[in-house]
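The values are calculated or read from the model by the stated rules, or taken from the named source; none is laboratory data. Bear in mind that the values here come from a model prediction, so they are computed numbers and not experimental data. In this analysis, Cβ positions are derived from the backbone assuming ideal geometry, glycine residues included, and neighbour counts consider all displayed protein chains.
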Amino acid sequence: MTERRTAREAVALVADGFTELPYPAGDSAGEAAPAPRPDGPLGWHGYDASRARATERTGEQESVICGTADVEGTRAVLIAFEFGFLGGSLGQRTGDRLEAAYTYARAHRLPVVSLVATGGSRMQEGMLALTQLQRVARQSALTRAAGLPQIAVLRDPTTGGGWATLGAGADVILALPGAQVGFAGSRVRPPDADPAAYTAQAQLAAGAVDAVVRPRELRGELGRWLRLLTVPSAEAAPPPRALGATDLPRTGWDAVQRARSSRRPRAARYLDAYFTYRVAIEGDRCGGTDRAGMLCGFGEHQGRTVAYAAQTGTATRPAGYRTAARLIRLADRLGIPVLTLVDTPGAANDAQAERQGVGAAIADVFGAVAAARGPITTLLIGEGGSGGALALAAPGNTWATPDSYFSVIAPESAAAILKRGPREVEATAEQLRIRPQDLVELGVIRGVVGG
């Protein structure tokens, strides 16, 4: 279990100059209003006394505090849960405060950072408490439509409706080590449930969390995310320069061999050379990751933010495609240009990939690229194998390095489909016209980048 902090300690961990927002009428910390019904909307005996004890213990009037603060130079609306106040549970007044915070964020064009620590909805308010999740979801959707980023920091514990709305519904999800994270709280899980499944690390492995960050590093990490996500740009990202060979391949088979060479620069090297710094998103939010095959995130290039989705030279898994689609849609919503690096022999085609919906995952990327309103730039840096590679390619703005090729299918597979023998693979590669210079002549790519 991670160290538990109060709401105000959590705010102080990441921000300076916290100024609490005015709370809605009817909130005991806000404007004067008619006295609330005794013991809440359900008349739950002892509820008022429980609230009074929670206030005495924590110094807070509700389970959440909301305000503005400076996070490493970026102003943001902060929402911080006080777990000591009735388990950080959501009630009607909590919903009032959350709605007011989101409304303020949209009115002042500020990102929203939620420091979540909650056990879920408040039992003493019954269904009226549960329906606050609909209010939160609505406010989050409006803020998303306004093009403002939402970042969640998962503290201990983050369970129930708080996880299913403010937590899992955020654009970027960070978590503290050891935090309990899951829809089911510790008291309502099956008796034989593995507790390790309900942790920040388990959620990271399942693709539901972007990063687990140590407390002393949280402020800097959050600051980097906020800087990157709040700098929109209408300009397309320039393609990276070539880091490998500079001369063009002589034959189609020569192009294939160079693209498959273990000495050729891969995606990580291109990203490191292109960005001053970068941060990664992880996972498809559907239970999967493809860390070996797809790198996604945001970085700073020449003073502005560029999102990236980069294949690493392996067969791309369904989770990799879904993560890329998530990245492209998020960048487009925030007005951030996208760079994609294409490098795969093709999509994974094993039985597991089929069970995980590889076709639908590829279709998702095609759809995200096609629907993007902002600019996407693509650089082919190695193998471009069939639709699994083309899905990431920007129509009309795709470039290639000299040590790459793009093909309707791998030459070996093409020869097999055409019922040709192994000795005819090289000739087939030549017939397919897959060299970078061929692709330029065919109008498939814009040009070949130099070093």
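For the reader, a short list of remarks on this structure follows.
- Of the residues contained in the stretch 389-411, none is found to be surrounded by 15 or more Cβ atoms within 10 Å (Cβ to Cβ), among the hydroxyl-bearing types (S, T, Y) and over 25 Å from T246 (Cα atoms).
- For S404, the criteria (1) touching a residue at least 24 places away in the same chain (Cβ under 8 Å); (2) over 20 Å from T314 (Cβ atoms) hold in every case but one, which is (2).
- Matching residues in the stretch 299-343 - criterion: being among the charged types (D, E, K, R) and closer than 12 Å to A389 by Cβ: D343
- Per the listing G299, G223, the residue uniquely surrounded by 20 or more Cβ atoms within 10 Å (Cβ to Cβ), modelled with pLDDT of 95 or more and within 17 Å of the chain's Cα centre (by Cα) is G299.
- Number of the condition not met by C286 [criteria: (1) surrounded by fewer than 20 Cβ atoms within 10 Å (Cβ to Cβ); (2) in contact with a strand residue (DSSP E or B) (Cβ under 9 Å, 6 or more places away or on another chain); (3) closer than 25 Å to A391 by Cα]: (2)
- The set of residues in the stretch 151-163 that are in a strand (DSSP E or B) and buried (at least 23 other Cβ atoms within 10 Å of the Cβ) comprises A152, V153, L154, R155, P157, T158, T159.
- Any chance A414 is surrounded by fewer than 22 Cβ atoms within 10 Å (Cβ to Cβ), of a type in the set (A, V, I, L, M), out of contact with any Phe, Trp or Tyr (no Cβ under 9 Å at 6 or more places or on another chain) and closer than 17 Å to T340 by Cβ: no
- Whether a residue is under 26 Å from P111 (Cβ atoms) and touching a residue at least 12 places away in the same chain (Cβ under 8 Å) was assessed, and T377 passes this test.
- Considering each residue of the stretch 200-211 in turn, none proves to be in the same structural domain as C66 (by TED's automatic domain parsing), out of contact with any strand residue (DSSP E or B) (no Cβ under 9 Å at 6 or more places or on another chain) and over 22 Å from A324 (Cβ atoms).
- Unique residue being at pLDDT below 95, over 24 Å from P318 (Cβ atoms) and in contact with a strand residue (DSSP E or B) (Cβ under 9 Å, 6 or more places away or on another chain) when the list is A410, A429: A429
- There is at least one residue in the stretch 369-383 that is of a type in the set (D, E, K, R), in the same structural domain as L295 (by TED's automatic domain parsing), surrounded by 21 or more Cβ atoms within 10 Å (Cβ to Cβ) and not in a helix (DSSP H, G or I).
- Residues that are small (G, A, S) and surrounded by fewer than 20 Cβ atoms within 10 Å (Cβ to Cβ), drawn from the stretch 417-438: G421, A427
- Selected residue [surrounded by fewer than 22 Cβ atoms within 10 Å (Cβ to Cβ) and within 27 Å of R216 (Cα to Cα)] from T103, T131, T74: T74
- Helices (runs of 4 or more DSSP H) contained entirely in the stretch 407-451, each with at least 3 residues that are within 25 Å of N349 (Cβ to Cβ) and more than 38 Å from the chain's Cα centre (by Cα): 411-417, 425-432
- Residue in the stretch 302-328 that is surrounded by the fewest Cβ atoms within 10 Å (Cβ to Cβ), counting only those that are without any contact (Cβ under 8 Å) to a residue 40 or more places away in the chain and under 12 Å from the mean Cα position of the chain (by Cα): A307
- R258 within 19 Å of P402 (Cβ to Cβ), surrounded by 16 or more Cβ atoms within 10 Å (Cβ to Cβ) and assigned by TED's automatic domain parsing to the domain that holds A307: yes
- Inclusion of T276 among residues that are in contact with an Asp or Glu (Cβ under 6 Å, 6 or more places away or on another chain) and not charged (D, E, K, R) is warranted.
- Scanning the stretch 242-253 turns up no residue that is touching a strand residue (DSSP E or B) at 6+ places or on another chain (Cβ under 6 Å), touching a residue at least 60 places away in the same chain (Cβ under 8 Å) and crowded, with 16+ Cβ neighbours inside 10 Å.
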